[in-house]
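For reference, the structure discussed in these notes is given below.
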Amino acid sequence: MTPEAARDEIFRVFKSTWDATGYAAVWPDTPDQTPPESEEVPWARVTLQHQDGGQNSLANHAGSKMWEHVGTLFIQIFVPAGQGATPGYPLVRKVMNAYRVARGAVRYTSHRFRETGRDGAFNGFLVLVDFAYDDFSS
């Protein structure tokens with residue numbers, strides 16, 4: 001699996017889950033479309049960062065090796081501050097559960113969240129999902 005294919009698979013899980021909420025999401029490859037603070041609805045921002053990986057096998061008869069890539073998915077969820085943090089918890093659970101049950105070429109190895117406090121007109125949460133996948137190359 002290539003890094004591009006892994007990114008697409010990882011983002012697909014988030015997109016299908018978040019689209020069901022009806023709220024906006026800001027993606028890393030698009031111009032910043034952060035909702036204005038006057039819009040009192042939840043929204044999310046998603047980013048992905050690869051980290052160190054390594055060789056995961058010896059070469060086979062054709063000279064191909066398996067390489068493991070690892071990283072972390074960062075999902076920031078913002079809910080209007082006037083409602084307190086409470087409306088954010090169901091959204092956090094929805095996103096974390098999506099990655100807990102997701103099956104595919106990407107493995108999701110850790111799911112956690114943090115309350116990040118008030119940021120302007122919003123209360124923030126950070127969902128962190130660690131991932132790993134294998135890439136075969138010669």
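Here are the numbers for this structure:
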| quantity | calculated |
| --- | --- |
| Within the stretch 62-101, tally of residues that are part of a strand (DSSP E or B), open to solvent by less than 40 Å² (accessible area, probe 1.4 Å) and in contact with a His (Cβ under 9 Å, 6 or more places away or on another chain) | 3 |
| Residues of the stretch 66-118 satisfying the condition of being under 18 Å from the mean Cα position of the chain (by Cα), of a type in the set (Lys, Arg) and farther than 17 Å from Tyr133 by Cα | Arg93, Lys94, Arg112, Arg114 |
| Residues within the stretch 1-13 that are more than 20 Å from Val95 (Cα to Cα) and assigned to a helix (DSSP H, G or I), tallied | 3 |
| Unique match (being open to solvent by 10 Å² or more (accessible area, probe 1.4 Å), within 12 Å of Ile10 (Cα to Cα) and not hydrophobic (A, V, I, L, M, F, W, C)) among Gly104, Gly117 | Gly104 |
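So that you can scan it fast, the table gives a plain yes or no per residue for (1) of a type in the set (Phe, Trp, Tyr); (2) open to solvent by less than 50 Å² (accessible area, probe 1.4 Å); (3) assigned to a helix (DSSP H, G or I); (4) at pLDDT 75 or above:
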{"site": "Lys15", "(1), (2), (3), (4)": "no, no, yes, yes"}
{"site": "Asp29", "(1), (2), (3), (4)": "no, no, no, yes"}
{"site": "Gln33", "(1), (2), (3), (4)": "no, no, no, yes"}
{"site": "Glu37", "(1), (2), (3), (4)": "no, no, no, no"}
{"site": "Gln51", "(1), (2), (3), (4)": "no, no, no, yes"}
{"site": "Leu58", "(1), (2), (3), (4)": "no, no, no, no"}
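The values are calculated or read from the model by the stated rules, or taken from the named source; none is laboratory data. Keep in mind that this is a model prediction, so the values were computed, not measured. FYI the Cβ positions are ideal-geometry reconstructions off the backbone, even for glycines, and counts take in every protein chain you see. Only protein heavy atoms, including side chains, enter the accessible area calculation; ligands, DNA and RNA are left aside. Shrake-Rupley method; radii C 1.70, N 1.55, O 1.52, S 1.80 Å.
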